[in-house]
Every structure is written in structure tokens, then in C-alpha cells.
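Contents: one structure, followed by commentary.
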Amino acid sequence: MGGSVSFHTALSERLSIIKCSREQVNKLLTDHPPQLTPGIKELVESLHQRGVKVFLISGGFRCIVEHVASQLHIPLHHVYANRLKFYFNGEYAGFDESQPTAQSGGKGTVIRMLKEQYGFENVVMIGDGATDLEACPPASAFIGFGGNVVRQQVKDKSSWYVTSFGELLKELEKI
């Protein structure tokens, strides 16, 4: 997330060590369901009320990100994340390397695709990592987020940096 190695390399190396089974992933989701950062639900709700399409573009895993999307009422076809692969017996079989989010620059690839598919003129990316930052351009703007962790590179290179989603919600309410 600091950007010192390619995302694909980091992902491959981490997964080759972990080799999680389908059962382990399911247990993780049951024992430690994804928790939403305070204010994100209200921000997404406000965007939806305004007719703004919201997408989750993540270097994480779709099986986890989908739980977040469901909590935020984001359609699952608006989720772009990596897919774990398992053998029929549930053992780890790798990950889908064809997903754009499995590559450095993948989030930008997804944004370009969304702009083309939906005809978006403006796309705002919000994120806390190097792979989020590098998605602008093609994103029209990038808002650095430090509410969970502050990454100095992201903070330094963001034209707008916030530490809570409440800050963004207050600005949105002014419009």
C-alpha cells in the first residue's frame, strides 16, 4: 500500500504464504465481519439520494468487499476487486490474475472503463493507498483519506486530504 513493489507482486507473495482455504475465508467473514468506517454509510446514502453512482474499486478480495457493498447498498455489479480461486475441495488455488485490480494501475484501468461504459465526465476517487492515488488521472479528482491509517505519501500528494467521512458529508451538504 506504500507503493514500493508492484501490487501484483505483493498480492502474489502474500497469498502464496497465506494460502487460505474457502473455509478459512468463510470463518473470517463470520468471526470478523467487515466493519464500516464511521460516516461512510451516511456519505454513500447521501450520494445515492443525489443519483450519484458509487463504486467500490479495491485491491482486496471480492468475497469480502461484497459484504461492505451490501452494507452500503451498493449494487454488486459496482464492485471491482480481486477474486480468490479455490479447488473443488475448498483449498486455495490462486487468484484471478486477469482482474485489473490485480495489477498496479488496475484501479485506473477500472475508472477508464467506467468512464467509457457510463459516459462519466467526472469521477472522484477516494482512497488511502498508493494504488488509489495513482488512479488520478484517469479519475478527475482524488481525495486522500486518513481516517483509518495515514500514509504520508498519500497525504503529501493529495490535493484534498480528509480524516473523516463526516468532513466530506459536510461539504456535500453545502452543494
Quiz prompt | In segment 49-64, residue farthest from MET125 (Cα to Cα) [restricted to those that are in contact with a strand residue (DSSP E or B) (Cβ under 9 Å, 6 or more places away or on another chain), in contact (Cβ under 8 Å) with a residue 24 or more places away in the chain and not aromatic (Phe, Trp, Tyr)] | solution = CYS63
Exercise. Sort out which residues of segment 140-166 are surrounded by 19 or more Cβ atoms within 10 Å (Cβ to Cβ) and within 14 Å of the chain's Cα centre (by Cα), and write them in order of number.
Key: PHE142, ILE143, GLY144, PHE145
Quiz item: Is there a residue in segment 73-94 that is open to solvent by less than 50 Å² (accessible area, probe 1.4 Å) and of a type in the set (D, E, K, R)?
Solution: no
Quiz prompt | Scan of segment 60-72 for residues that are within 17 Å of PRO100 (Cβ to Cβ), buried (at least 16 other Cβ atoms within 10 Å of the Cβ) and not charged (D, E, K, R), ordered by number | solution = PHE61, VAL65
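Please verify whether LEU169 is touching a residue at least 40 places away in the same chain (Cβ under 8 Å), touching an Asp or Glu at 6+ places or on another chain (Cβ under 6 Å) and not polar (S, T, N, Q), treating the condition exactly as stated. Steps first, answer last, please.
Details: touching a residue at least 40 places away in the same chain (Cβ under 8 Å): yes; touching an Asp or Glu at 6+ places or on another chain (Cβ under 6 Å): yes; not polar (S, T, N, Q): yes.
Spelling it out, LEU169 is indeed touching a residue at least 40 places away in the same chain (Cβ under 8 Å), touching an Asp or Glu at 6+ places or on another chain (Cβ under 6 Å) and not polar (S, T, N, Q).
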Self-check item: Candidates GLN117, GLN103, GLN99, filtered to the one that is without any contact (Cβ under 8 Å) to a residue 12 or more places away in the chain and more than 18 Å from VAL44 (Cα to Cα)
Solution: GLN117
Quiz item: Counting only residues that are among the hydroxyl-bearing types (Ser, Thr, Tyr) and farther than 24 Å from GLU121 by Cα, which one in segment 65-96 is farthest from the chain's Cα centre (by Cα)?
Solution: TYR87
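Show me the helices (runs of 4 or more DSSP H) entirely contained within segment 1-59 in which 2 or more residues are at pLDDT below 90 and surrounded by 15 or more Cβ atoms within 10 Å (Cβ to Cβ). Don't jump to the end; show me each part of the working.
On the way: elements: 7-18, 22-31, 40-49.
Qualifying helices (runs of 4 or more DSSP H): 7-18, 22-31.
Could you list, in sequence order, the residues of segment 97-118 that are among the basic types (Lys, Arg) and more than 13 Å from the chain's Cα centre (by Cα)?
First pass over segment 97-118, keeping only residues among the basic types (Lys, Arg): 107, 112, 115.
Of everything in segment 97-118, those that are among the basic types (Lys, Arg) and more than 13 Å from the chain's Cα centre (by Cα) turn out to be ARG112, LYS115.
The values are calculated or read from the model by the stated rules, or taken from the named source; none is laboratory data. Values in this document were obtained by computation on a predicted structure and should not be read as measured data. Cβ sites come from the backbone with ideal geometry, for glycine too, and all protein chains shown count toward neighbours. Heads up: the accessible areas ignore ligands, DNA and RNA and are worked out on the full protein's heavy atoms, side chains in. Shrake-Rupley method; radii C 1.70, N 1.55, O 1.52, S 1.80 Å.
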